[in-house]
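Undergrad: Before we start, here is the structure in question, set down as structure tokens.
The values are calculated or read from the model by the stated rules, or taken from the named source; none is laboratory data. Since this is a predicted model, take the numbers as computed values, not measurements. When we count neighbours, we look across all protein chains shown, and the Cβ atoms used for this are built from the backbone with ideal geometry, even at glycine.
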Amino acid sequence: MKKIYIAGKISGLSVEDYTNNFAKAERYLFGKGYEPVNPLDFTTENMSWNECIKICLEVLERCDGIYLMRNWKDSKGARLEYKKAIAMQKINKDFEIIFE
């Protein structure tokens, strides 16, 4: 099962809103036969943005692809994750980015 990293906006949203958004993305990916990788599972609200993005980029390295939620362009972190996915060739003919 391919591991797919979920990227989307967190900063500026309520905890309830971003938690619901990521949970919805997880259900969607699981339903498509992928293993979703949710950054909320390995970061906390008490961590700084720099700490979070460092961990997120490291986790992305161990994934097969990236799922970009609709709001990903509104997120500095998701834009960095997208660039890293391209640089690491996580986007190719075998696995395309999935857009919500």
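Undergrad: Please list, ordered by first then second residue, the pairs with beta carbon atoms under 8 Å, 6 or more apart or interchain, first in region 3-27 and closer than 22 Å to LEU80 by Cβ, second in a helix (DSSP H, G or I) and of a type in the set (Lys, Arg).
TA: GLY8/ARG70; SER11/LYS76
Undergrad: Still on this structure: With respect to ASP94, determine if the residue is modelled with pLDDT under 90, surrounded by fewer than 20 Cβ atoms within 10 Å (Cβ to Cβ) and of a type outside the set (Val, Ile, Thr).
TA: Yes: the conditions hold for ASP94.
Undergrad: Hey, among the residues in region 72-91 that are surrounded by fewer than 19 Cβ atoms within 10 Å (Cβ to Cβ) and of a type in the set (A, V, I, L, M), which one's modelled with the highest pLDDT?
TA: Only one residue fits best here, namely LEU80.
Undergrad: Restricting to region 25-45, name every residue that is closer than 16 Å to ALA78 by Cα and of a type in the set (A, V, I, L, M).
TA: ALA25, VAL37, LEU40
Undergrad: Please go through region 35-61 and pick out each residue that is charged (D, E, K, R) and under 13 Å from GLU81 (Cα atoms).
TA: LYS54, GLU58, GLU61
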